[in-house]
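Chemist: Below are the structure tokens for one structure; questions will follow.
Bear in mind these aren't lab numbers, they're just calculated from the coordinates by the rules spelled out. Worth saying up front: this structure is predicted, and the values here are computed from it rather than measured. Cβ sites come from the backbone with ideal geometry, for glycine too, and all protein chains shown count toward neighbours.
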Amino acid sequence: MAELTLPDNPTMADYQQYVRIMCEQRGFKDDVPKKFMMLMEEVGEMSKAARKGVGMKIADNAAQQNIAHEAADILIVFIGLCNLLTIDLEQAFRDKEEQNKQRVWK
């Protein structure tokens, strides 16, 4: 099993390849609906961590969550979802941003 590492200055393609290999090595064989549910779960966990960070009340028995770790979990699951959907995230970002540059923002 190859060691998972990212280059010092990773590209989006590097992240996508890392997550692809990580999922294979760890036996994650999720399908698109499962990945969407996992993504929503991770967004909820980040929301709870953010609520605590701004002083909103949360249940005493709620797990302590690190907002940065939750953000990383969201990115990992999102990249995995994009991999399942065969989306080249870097190209999608570039294409969409070119569209956005043409919009009038009010």
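Chemist: With a cut-off of 8 Å between alpha carbons and a minimum separation of six or more residues, what is the relative contact order of the chain in percent?
Modeler: After rounding, I find 33 percent.
Chemist: Let me ask something additional. Quickly estimate the mean residue ellipticity at 222 nm for the chain, helices only: each DSSP H run with n ≥ 4 gives -39500 (n - 2.57), and the total goes over all residues, rounded to 500.
Modeler: The helix contribution divided over the chain gives -21500 deg cm²/dmol.
Chemist: Gln99 versus Ala68, label points 7 Å from Cα toward the beta carbon: distance in nm?
Modeler: It is 3.4 nm.
Chemist: Still on this structure, please answer the following. Which whole-Hz couplings ³J(HN,Hα) result when phi for each residue of the range 33-49 is put into the Karplus expression 6.51 cos²θ - 1.76 cosθ + 1.60, θ = phi - 60°, listed in order with x for Gly and Pro?
Modeler: Values per residue, Gly and Pro as x: x, 5, 5, 4, 5, 4, 4, 5, 4, 5, 5, x, 5, 5, 4, 5, 5 Hz.
Chemist: Here is a follow-up. Please give every one of the lysines within straight-line cross-link reach of Lys96, meaning a C-alpha to C-alpha distance under 28 Å, and leave out same-chain neighbours fewer than 8 residues apart.
Modeler: Excluding near neighbours in sequence, the set is Lys34, Lys35, Lys106.
Chemist: Give the label of the value calculated from the structure for Kirkwood radius over Cα pairs in Å, choosing from (1) 15.0; (2) 16.0; (3) 13.9.
Modeler: Only one listed value fits the structure, namely (2).
Chemist: Taking θ = phi - 60°, what integer Hz values does the Karplus form 6.51 cos²θ - 1.76 cosθ + 1.60 yield along the range 14-23, in sequence order, with x for Gly and Pro?
Modeler: 4, 4, 5, 5, 4, 5, 4, 5, 4, 4
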